[in-house]
């Protein structure tokens with residue numbers, strides 16, 4: 001039933017089709033011989049297509065033909081957001097709302113919601129705007145005004161539910177009717193997902209492509225109906241009455257439906273999380289009662305500390321809790337009538353002092369060389385050093401290798417630990433402070449690279465043109481038959497000029513025979529092997545004359 005002026009109707013129909021997979025509670029369809037069926041269309045501006053010279057603003061709806069076709073009611077879009085009025089609702093082009101009633105139909109009106117912030121003022125503004133457009137609804141053969149809620153306007157679930165509650169409560173106070181809420185399954189179970197918070201309002205549900213009715217009061221079961229008197233396809237809805245609102249109450253605005261003043265119900269889905277010594281509590285609104293929720297009061301146990309937030313906030317923070325103590329929290333909602341009952345307690349959380357473990361380690365080291373590893377443990381909030389705390393140091397060679405503990409260390413008065421390691425393979429360090437009942441666990445990871453040791457020397461650093469000079473060297477550790485590349489520095493880049501392989505002792509040699517005079521720079525390079533990175537020798541210089 002999306003009546004937004006910019007979204008094509010076919011796209012919304014597709015979204016309804018997808019929503020059929022969402023379980024919302026279904027009722028079997030009544031048999032043909034059962035009680036009277038009350039059904040009728042809902043219309044908006046695009047039910048007036050095909051402008052002509054006689055009707056420059058589109059074709060009229062023949063409401064008497066609609067009534068003669070057996071339809072019992074009609075619902076007309078009145079407004080959208082805080083400014084748009086359907087020009088076919090009650091003029092200037094056509095007067096669908098009063099004409100439907102004049103034809104003998106029960107008539108109703110709906111407002112397409114544009115939820116936004118600030119929640120309270122925008123909900124009240126749109127409710128007042130809608131009420132001003134539709135006028136009196138406490139008359140015979142008049143349905144309750146309906147809120148069409150299909151977009152969230154960027155609001156969170158809790159904000160959206162509260163926006164809807166505030167709109168509906170304000171509209172009830174303005175019209176003296178309990179409004180209906182229109183939506184579709186995916187929105188009802190996804191964007192709202194809080195049916196108890198809206199249970200006091202009749203529900204008008206769009207649910208297509210099924211023979212089973214949703215648990216609702218009105219069921220919009222198709223968007224492609226053809227009704228005499230209306231050009232083109234139109235939505236069609238049927239009275240179901242599954243949530244306890246009889247047709248007599250819905251269809252007759254003179255039937256009194258008083259509400260006894262009621263405080264809010266308990267908030268729902270309360271949960272707590274912990275970060276250091278600060279707990280954060282989140283919840284969803286419950287039923288608001290007969291007046292909008294003005295605030296929430298959150299209480300911690302033990303200690304009975306409280307935090308109070310406005311009725312449009314759905315979280316509260318409790319800083320500086322005692323470490324090692326298990327806390328849970330409850331929430332009460334407050335409206336103009338009274339304070340509501342307490343929520344179910346949240347899950348328990350245990351505060352701990354936040355910690356940070358900072359590791360410093362060289363990124364690379366020669367094979368078998370000394371790698372100086374050090375770390376510092378501090379409180380991450382105050383930066384204070386934590387002394388005499390055990391730090392476990394683990395190492396692994398590859399991301400799939402098991403971790404192996406290699407050191408157990410204890411921090412000094414400055415919160416520092418240090419050790420020297422002589423690694424033979426590249427890998428990763430993990431430092432772990434396991435924490436305690438008062439301090440949070442902390443970890444840090446650092447990669448390191450081990451390079452092989454490559455040496456190279458020349459049999460002579462000078463030679464005559466065309467003479468042979470031997471370049472020899474070693475690679476440590478020995479990898480059988482490892483390839484060694486002789487590189488020459490040309491125009492600032494090392495260029496490969498030949499390869500050989502090491503013998504079983506890790507030795508290699510190259511014969512150099514420069515054909516031109518000049519100075520030559522060489523080095524030996526080996527690629528990665530045995531979980532080590534590549535490596536190269538220092539450069540050697542040969543002068544040819």
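The values are calculated or read from the model by the stated rules, or taken from the named source; none is laboratory data. None of these values were measured; they are calculated from a predicted model. Please note: Cβ atoms are built from the backbone with ideal geometry, for glycine as well, and neighbour counts cover all protein chains shown.
Structure data summary
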| quantity | calculated |
| --- | --- |
| Segment 204-219, subset assigned to a strand (DSSP E or B) and either touching a helix residue (DSSP H, G or I) at 6+ places or on another chain (Cβ under 6 Å) or buried (at least 24 other Cβ atoms within 10 Å of the Cβ) (or both), residue modelled with the lowest pLDDT | 214 |
| Checking residue 153 against (1) out of contact with any helix residue (DSSP H, G or I) (no Cβ under 7 Å at 6 or more places or on another chain); (2) in a helix (DSSP H, G or I), the condition it does not meet | (2) |
| Residues (part of a helix (DSSP H, G or I) and over 23 Å from residue 128 (Cα atoms)) located in segment 156-191 | 157, 185, 186, 187, 188, 189, 190, 191 |
| Test: residue in segment 512-522 that is touching a strand residue (DSSP E or B) at 6+ places or on another chain (Cβ under 9 Å), touching a residue at least 60 places away in the same chain (Cβ under 8 Å) and not assigned by TED's automatic domain parsing to the domain that holds residue 396 | yes |
| Output for segment 371-396, where each listed residue is surrounded by 19 or more Cβ atoms within 10 Å (Cβ to Cβ) and without any contact (Cβ under 8 Å) to a residue 40 or more places away in the chain | 378, 393, 395 |
| From 454, 449, residue being at pLDDT 95 or above and either surrounded by fewer than 19 Cβ atoms within 10 Å (Cβ to Cβ) or more than 30 Å from residue 393 (Cβ to Cβ) (or both) | 449 |
| Selection within segment 437-486 - within 30 Å of residue 379 (Cα to Cα) and outside any strand (DSSP E or B) | 437, 438, 440, 441 |
| Residue in segment 472-487 that is surrounded by 15 or more Cβ atoms within 10 Å (Cβ to Cβ), in contact with a strand residue (DSSP E or B) (Cβ under 6 Å, 6 or more places away or on another chain) and more than 29 Å from residue 527 (Cβ to Cβ) present | no |
| Filtered residue count, segment 97-138, keeping only those that are without any contact (Cβ under 8 Å) to a residue 60 or more places away in the chain, more than 42 Å from the chain's Cα centre (by Cα) and crowded, with 22+ Cβ neighbours inside 10 Å | 1 |
| Selection count, segment 305-361, where residues are outside any loop (DSSP other than H, G, I, E, B) and more than 29 Å from residue 260 (Cα to Cα) | 17 |
| Boolean, residue 534 is surrounded by fewer than 19 Cβ atoms within 10 Å (Cβ to Cβ), touching a residue at least 60 places away in the same chain (Cβ under 8 Å) and either outside the structural domain of residue 386 (by TED's automatic domain parsing) or within 30 Å of residue 349 (Cβ to Cβ) (or both) | yes |
| Matching residues, segment 397-431, being under 35 Å from the mean Cα position of the chain (by Cα), without any contact (Cβ under 8 Å) to a residue 60 or more places away in the chain and surrounded by 15 or more Cβ atoms within 10 Å (Cβ to Cβ) | 428, 430 |
| Residue 191, sole failed condition from (1) crowded, with 21+ Cβ neighbours inside 10 Å; (2) free of Cβ contacts under 8 Å to residues at least 60 places away in the same chain | (1) |
| Candidates 384, 370, filtered to the one that is touching a strand residue (DSSP E or B) at 6+ places or on another chain (Cβ under 8 Å) and closer than 27 Å to residue 528 by Cβ | 370 |
| Positions within segment 269-285 being assigned to a strand (DSSP E or B) and crowded, with 20+ Cβ neighbours inside 10 Å, in sequence order | 270, 272, 279, 281, 283, 284 |
| Matching entry among 38, 88 (being at pLDDT 95 or above, crowded, with 21+ Cβ neighbours inside 10 Å and in contact with a helix residue (DSSP H, G or I) (Cβ under 8 Å, 6 or more places away or on another chain)) | 88 |
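Each row is one residue, and each column tells you yes or no for (1) crowded, with 20+ Cβ neighbours inside 10 Å; (2) closer than 14 Å to residue 287 by Cα; (3) free of Cβ contacts under 8 Å to residues at least 24 places away in the same chain.
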residue: 316; (1), (2), (3): yes, no, no
residue: 319; (1), (2), (3): no, no, no
residue: 322; (1), (2), (3): no, no, no
residue: 325; (1), (2), (3): no, no, no
residue: 330; (1), (2), (3): yes, no, no
residue: 335; (1), (2), (3): yes, yes, no
residue: 339; (1), (2), (3): no, yes, no
residue: 345; (1), (2), (3): no, no, no
